[in-house]
Amino acid sequence: MISLKNQIILITGASSGIGNACAKIFAREGAKLILAARRLERLQQLANTLSKEFSVEIHLLQLDVRDRIAVEFAISNLPSAWSKIDILINNAGLSRGLDKLHEGDFQNWEEMIDTNIKGLLYLTRYVVPGMVSRGRGHIVNLGSIAGHQTYPGGNVYCATKAAVKAISEGLKQDLLGTPIRVTSVDPGMVETEFSDVRFHGDSERADKVYQGVTPLTPDDVADVIFFCVTRSPHVNINEVILMPVDQASATLVNRRT
Ligand code: NDP
Ligand code: 8X3
């Protein structure tokens, strides 16, 4: 197992859910954290909590990953002590709506495509060249079971996660011959703000998604990511699919109610 002590880890979407849980587990291991999201006050709260609990160095980035110029500016203007990123966790992402494709909302589509695909590409494009020139690095992309199996109403969200799968595979191939590692972590149901965001704040509908099942927690996913990034340097975990015991596929869920 390799140590994360003093490694610089950039986590997008650290203001909630899986990104937030990753920040906690990496802080515990002595990594230096760059935490990015749009909601700066959330990041500040997280940084305060982590600083009290661990002696951790944290740099905050208020960043909308959909804004390519902002991503370029943020990465190229990192203070020199923070610029040599060792691990990039491309976690920022969201779903919007569960409409039939032929009745879909254009704004929802654009938000998912711009965040889940283009945002992930921008971060990758601006961070990975530095990894290549330094000869070290690891990119972890948050895919999903939705990138392997399409479910009714999932159409565009599933397409974005299928794109993440293809991008992860492509990046792995393009980095062959370098020591840089690429991993896609692809969960099933994880209870986070994900469903609230999908249903635009309709929490009653969001709660129903997790009714009668024991979903994964953000910490469960962070544990798997931690495992992937701490393997020996010659080991690349390409893809991990994890889901709750109560789930067998994107659509097959055992509900006890
Ligand atoms: P949350 O809604 O809890 O967290 C999403 C994070 O993404 C937030 O921190 C949010 O921050 C950030 N984010 C969204 N849009 C942007 C943006 N434009 N720019 C910067 N940050 C953004 O959901 P999860 O933790 O569940 O989701 C994390 C990842 O895991 C996503 O990629 C999701 O698709 C994936 N996933 C989730 C599953 C689940 O069941 N929950 C299962 C499989 C995969 P802010 O709003 O402050 O910008
Ligand atoms: C999130 C999991 O099945 O709700 O990616 O799409 S699912």
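Only the coordinates and a few stated rules stand behind these numbers; no lab work does. These numbers come from a predicted model, not from an experiment. FYI the Cβ positions are ideal-geometry reconstructions off the backbone, even for glycines, and counts take in every protein chain you see.
Taking R0 as 25 Å, what FRET efficiency do you get between Ala81 and Thr178 from their Cβ-Cβ distance, rounded to the nearest 0.05?
So the FRET efficiency works out to roughly 0.55.
For Glu103 and Ser133, compute 0.36 nm times the residue count separating them, minus their Cα-Cα distance, and round to one decimal in nm.
Values: separation 30, 0.36 × 30 = 10.80 nm, distance 4.64 nm.
The Glu103-Ser133 span can extend by a further 6.2 nm.
Among the DSSP beta bridges whose two residues both lie in the chain, what percent are antiparallel, rounded to the nearest 5?
Here the antiparallel bridges make up roughly 5 percent for the chain.
At Gln62 and Asn254, where each label point lies 7 Å from the Cα along Cα→Cβ, what is the point-to-point distance in nanometres?
Result: 4.7 nm between the two label points.
Round to the nearest 0.05 the FRET efficiency obtained for Asp223 and Gln149 when R0 = 41 Å and r is the Cβ-Cβ distance.
0.95
In a Gaussian network model over the chain where Cα atoms closer than 10 Å are linked, find which of Val128, Val224, Val209 has the largest mean-square fluctuation.
Comparing Val128, Val224, Val209 in the GNM, the peak value goes to Val209.
Can you find, among Phe73, His138, Ser184, the residue farthest towards the positive end of the dipole of the chain? Put +1 on the C-beta of Lys and Arg, -1 on that of Asp and Glu.
His138
Are there trypsin sites (Lys or Arg not before Pro) in segment 1-56 that DSSP marks as loop and that have at most 16 other Cβ atoms within 10 Å, and which are they?
Counting only loop positions with at most 16 other Cβ atoms within 10 Å, the trypsin sites (Lys or Arg not before Pro) in segment 1-56 are Lys5, Arg38, Arg39.
From the C-alpha coordinates alone, can you work out the Kirkwood hydrodynamic radius of segment 8-242, in Å?
17.9
Return the subset of Lys161/Lys208; Lys118/Lys208; Lys5/Lys52 for which the Cα-Cα distance in this structure is over 25 Å, preserving the input order.
From Lys161/Lys208; Lys118/Lys208; Lys5/Lys52, over 25 Å: Lys118/Lys208.
Only Lys, Arg, Asp and Glu count, each charged at its Cβ (+1, +1, -1, -1), so figure out the dipole size of segment 110-257 about its Cα centre, rounded to 20 debye.
Dipole of segment 110-257, to the nearest 20 debye: 580 debye.
To the nearest 20 debye, what charge dipole does the chain have about its Cα centre, counting +1 at the Cβ of each Lys and Arg and -1 at the Cβ of each Asp and Glu?
That gives the chain a dipole magnitude of about 700 debye.
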